[in-house]
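The values are calculated or read from the model by the stated rules, or taken from the named source; none is laboratory data. Fair warning: this is a prediction, and the values are worked out from it, not measured in the lab. Positions of Cβ are generated from backbone atoms using ideal geometry, with glycine treated the same way; all protein chains shown enter the neighbour counts. Calculation scope for accessible area: heavy atoms of the full protein, side chains included, ligands and nucleic acids excluded. Shrake-Rupley method; radii C 1.70, N 1.55, O 1.52, S 1.80 Å.
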Amino acid sequence: MLSGWQLPRSASRATVDAINRYLSAEWGNRLVDGWNDWIDEAQSTGDLIGRAALGAGPGQVLAVDTTSVNFYQLCHAAVRARPGRRKVITDRANFPTDRYILEGLCDDLDLDLVYIDDETGEEFVTPEALREVVDNDTALVTLSVIQYRSGALHRIPELTAIARGAGALFVWDASHAVGVVPMAFDRDGVDLAVGCTYKYGNSGAGSPAWLYVRSSIQDELEVPIQGWFAQRDQFAMGHGFDRARSIRGFQIASPSIIGLRCVQTAFSMIERATLPAIAHKAAVGTQLMIDLHDEWLAPLGCSLITPRDAHHRGGHVTIRHAEARKISLGMRQFANVIGDYRQPDCIRLAISPLATSYVEVWEGFNRLRELIATGKYADATEPTSRVT
Ligand SMILES: Cc1ncc(COP(=O)(O)O)c(C=O)c1O
């Protein structure tokens, strides 16, 4: 049966094997002694993510913590590195955790948070819209590479250059892009970025997130949480914080080794499959969804908010319907098609290229068409879980 559009239908066998091996042969045998070998895994795993998916050379990515923690750390560091500048810019359609963290940061540091409003209908921030608000009072600009709701893909080089041109720093949230669209952080002048590993990264629920800091600015940035892993001589255990002048200076504390092994397994697969091949399948799969939407769903009251140009979207497509919430519940309860309902009237459907076939995409849309056409979704009941 079709299910789990944004995640594989089951954890990969390689991941299960890697965790079993870790539990029995490493932690199981060596216990605390294993830290001699595990201590730098946030860095080596970060290098793998950088190589496989971000276009980032070694020593610039760490696989640690959550996207939210990493986002706070890097945004805080960015505004501290631009003293005297008062403006922080994001867009109103950005992911909630980013907006909430920025609100708190700006309240704490007495900065002005400026929102860009969507004028495209696709939640797409154009270079013109950014140029209108960026000036020499801007400390930080932050956007998502791919919008969590509409799926619109921002143009990293162009938007980054606008912020840099005004002397501001840019933090990209690449959670919906990593593992599905090729990115070239080193080439495109990206200074700072964060993202998760549990969407197209296929690394599992709550798997470690990552952060990227361009090597040329690692010295000038100070993150607010001064943890012991960032200390230059960590095991000297001395008094006074003396930050490591490398990507290690951005690590707070002990990484989850089990979580990192899931990330290593999944990103090794991405590296082997290659990002261009994965992105090609995402482009074909999302085009299939758009064609099926136009032919089957538009006549039933649906509309599309995702860009139709494959160069401007990633691996998901979002459709609107006045009864989106009920339809989304009905998809799970009656059709075994797992999408995401997103406020106020959106249903998000993804192809995870390493795990989802084109036939599954076709069959999922076929079931969706039938659900809406027959009106069966109206019988869907509210779930007891809050995650829909
Ligand atoms: C764009 C984006 N940013 C941040 C997050 C939050 O991630 P985390 O729970 O790892 O902090 C998510 C979660 O889905 C997301 O989609």
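Given the options ASN70, ASN202, ASN36, state which has the largest fluctuation in a GNM of the chain using a 10 Å cut-off (strictly under) for Cα springs. Answer for the Gaussian network model of the chain: ASN36. Taking one quarter of the surface of the convex hull spanned by the alpha-carbon atoms of segment 11-95 gives a direction-averaged projected area of 8.9 nm². At q = 0.26, 0.32 Å⁻¹, what log₁₀ I(q)/I(0) does segment 348-388 have when each alpha carbon counts as one equal point scatterer in the Debye sum? Scattering profile of segment 348-388, log10 relative to I(0): -0.93, -1.00.
Treating each Cα of segment 307-388 as one equal point scatterer and applying the Debye formula with no solvent, the log10 of I(q)/I(0) at q = 0.10, 0.14, 0.18 Å⁻¹ comes out as -0.24, -0.48, -0.78.
Rank-order 216-224, 44-52, 248-256 by packing density, defined as the average count of other C-beta atoms within 10 Å over each peptide's residues, highest first. Could you put the intermediate results ahead of the total?
Numbers: 216-224: 15.1, 44-52: 22.7, 248-256: 20.6.
Peptide ranking by packing, descending: 44-52, 248-256, 216-224.
Accessible surface of segment 52-139, 1.4 Å probe: 47 percent of it comes from carbon and sulfur atoms.
Just the number please: accessible area per residue for segment 62-178, 1.4 Å probe, all protein chains included, in Å². Walk me through the numbers on the way to the answer.
Working: 4230 Å² over 117 residues.
Here the per-residue accessible area is 36 Å².
Taking 0.36 nm per intervening residue step and subtracting the Cα-Cα distance, what contour gain separates ASN366 from THR66 on full extension? Walk me through the numbers on the way to the answer.
Details: separation 300, 0.36 × 300 = 108.00 nm, distance 3.63 nm.
Residue separation times 0.36 nm, minus the Cα-Cα distance, leaves 104.4 nm.
Compared with the dominant Cα axis of the chain, that is its longest principal axis, helix 156-165 is turned about 40°. For segment 231-345, the spread of Cα positions along the three principal axes, ordered from largest to smallest, is 69, 32, 25 Å.
Of the whole protein surface, GLU128 contributes about 110 Å² of accessible area at a 1.4 Å probe radius.
For THR67, the solvent-accessible surface with a 1.4 Å probe is about 20 Å², rounded to the nearest 10.
Loop-located trypsin sites (Lys or Arg not before Pro) in segment 97-200 (DSSP state not H, G, I, E or B) with no more than 16 neighbouring Cβ atoms inside 10 Å: ARG155. For the chain, the relative contact order is 20 percent, taking Cα pairs closer than 8 Å that sit 6 or more residues apart in sequence and dividing their mean separation by the residue count.
Could you work out the equivalent-ellipsoid semi-axes for the chain, taking the square root of 5 times each eigenvalue of the Cα gyration tensor, largest first, in whole Å?
On the way: eigenvalues 253, 150, 61 Å².
They are 36, 27, 17 Å, listed largest first.
Per-residue ellipticity at 222 nm, computed for the chain from helices alone with -39500 (n - 2.57) per DSSP H run of at least four residues, works out to -10000 deg cm²/dmol. Scattering from segment 50-190 was approximated by placing one identical point on each alpha carbon and applying the Debye formula without solvent; log10 I(q)/I(0) at 0.09 1/Å stands at -0.24.
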